[in-house]
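Report on one structure; see the data block that follows.
The values are calculated or read from the model by the stated rules, or taken from the named source; none is laboratory data. Only a predicted model underlies this, so the values are computations on that prediction, with no experimental measurement involved. Positions of Cβ are backbone-derived with ideal geometry, glycine not excepted, and every protein chain shown enters the neighbour counts.
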Amino acid sequence: MRRALVISIPYIWLIALFLIPFGIVLKIALSDPQISIPPYTPHFDLSAGWAGIKDFFSQLDFENFTWLTEDDLYWKAYLSSLRIALISTILTLLVGFPIAYAMAQAPKEWQPTLMMLIILPFWTSFLIRVYAWMGILSSEGFLNQFLLWTGLISAPLQIINTDWAVFIAIVYTYLPFMVLPIYATLEKLDPSYTEAAQDLGCSRAQAFWSVTIPLSKSGVIAGCFLVFIPVVGEFVIPSLLGGSKTLMIGKVLWEEFFSNRDWPVASAVAVILLLILIIPIVLFQKQQERAQEAET
C-alpha cells in the first residue's frame, strides 16, 4: 500500500494538472466559436450520456486545426518561435557555460556564494525585471547613455522593439536554468582526468576540449532543454520588448484568447504548441534517464 501510494502521487498530479486541463482545451478546440459567455459552443456534452458521445464522434471535425494551416500567421508564428528559442538557447549556452565552469573551478568556500548570486534575480518579480530591461535598452536608457559617454556611438541605438532586445532579456532571464545544470555536472568531475590528459601531452586547452566538454555533455543538454522548452511559448518578453515584427506563438495565443475572443482557434493553437513541445520534453526525459543510469 505504501509503495502504491508513493507511485500514485505523481500520476494523480499528472492527471489533475495536465491531462484534465489538456482535455478541456482539446474540447474547446473542437468546438465552434460563438458570441456568448463562454465564447464557444461545445460539441462534446456528457450530460446527454452515451448518445451525446456518439453524436460528438459522428460530427467530429477539425475545422479549427485546418484554419491554422490556411492562415500564414500561425505557421509563421510557430517557425519564428522555434527560431527565437533556438538562437536564445545557443546564446544562453555561450554565456552560461563559462560562468558555470568558473563556478566549478572556484574555491569550495566561494561556490555557495556564487550560486546564490546566480539565483538572486529570482527573488525579484519576473515582470519587474523585464520592465527594468525596457528602461535599460530604450533610446534614453542606461546602455545608450553609456555608449554615448564612451564615444563608441554617435547616436542612440534602436534596441528596444527589436529581436535583439528579446534575445538579451531571454538570456538574462533563463541564464540560471543553463548555469545550474552545467555547474552541477562540472562540479562532480574528477580533476585528475584533466591532469592525466595534460600528463599525456595535452595542453590545458586541449584537455578542456577533449575531457571537460565531453564529460559535461549531460549538463549542457539538460540546460539547453530547460531553456528551449519554456522560451518557445514565451509571451511577456516579446510583448514588452519585441516590436510588431517579433512574432511568437505566445503573443498570437494571447490575442486569440483575449482580443479576438476566438477560444476554439486559440485552443487549437495551444494544442499544436503542446504537441510540438512533446518532442523536446520526451528527449529531455530520455537524456535524464541515461544520465541517471550512467551515475549508477
Worksheet item: Can you name the helices (runs of 4 or more DSSP H) wholly within the stretch 20-127 that have at least 1 residues being at pLDDT 90 or above, polar (S, T, N, Q) and more than 19 Å from Pro176 (Cβ to Cβ)?
Response: 72-105
Worksheet, complete the sentence: Scanning the stretch 237-296 for residues that are of a type in the set (Ser, Thr, Tyr), touching a helix residue (DSSP H, G or I) at 6+ places or on another chain (Cβ under 8 Å) and closer than 26 Å to Pro38 by Cβ gives Ser239, Ser267
Practice prompt. Would you mention how many residues in the stretch 254-296 are aliphatic (A, V, I, L, M), more than 17 Å from the chain's Cα centre (by Cα), farther than 19 Å from Asp72 by Cβ and surrounded by 10 or more Cβ atoms within 10 Å (Cβ to Cβ)?
Written response: 1
Worksheet item: Can you pull out the residues in the stretch 177-209 that are closer than 17 Å to Leu114 by Cα and of a type in the set (Asp, Glu)?
Response: Glu187
Practice prompt. Could you list all residues from the stretch 83-93 that are of a type outside the set (S, T, N, Q) and either surrounded by fewer than 16 Cβ atoms within 10 Å (Cβ to Cβ) or over 10 Å from the mean Cα position of the chain (by Cα) (or both)?
Written response: Arg83, Ile84, Leu86, Ile87, Ile90, Leu91, Leu93
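Residue-wise test of (1) within 30 Å of Leu120 (Cα to Cα); (2) more than 19 Å from the chain's Cα centre (by Cα); (3) at pLDDT 85 or above.
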{"site": "Gly151", "(1), (2), (3)": "no, yes, yes"}
{"site": "Ser154", "(1), (2), (3)": "no, yes, yes"}
{"site": "Leu157", "(1), (2), (3)": "yes, yes, yes"}
{"site": "Ala165", "(1), (2), (3)": "yes, no, yes"}
{"site": "Ile182", "(1), (2), (3)": "yes, no, yes"}
{"site": "Glu187", "(1), (2), (3)": "yes, yes, yes"}
{"site": "Leu200", "(1), (2), (3)": "no, yes, no"}
{"site": "Ser210", "(1), (2), (3)": "no, yes, yes"}
{"site": "Leu215", "(1), (2), (3)": "yes, yes, yes"}
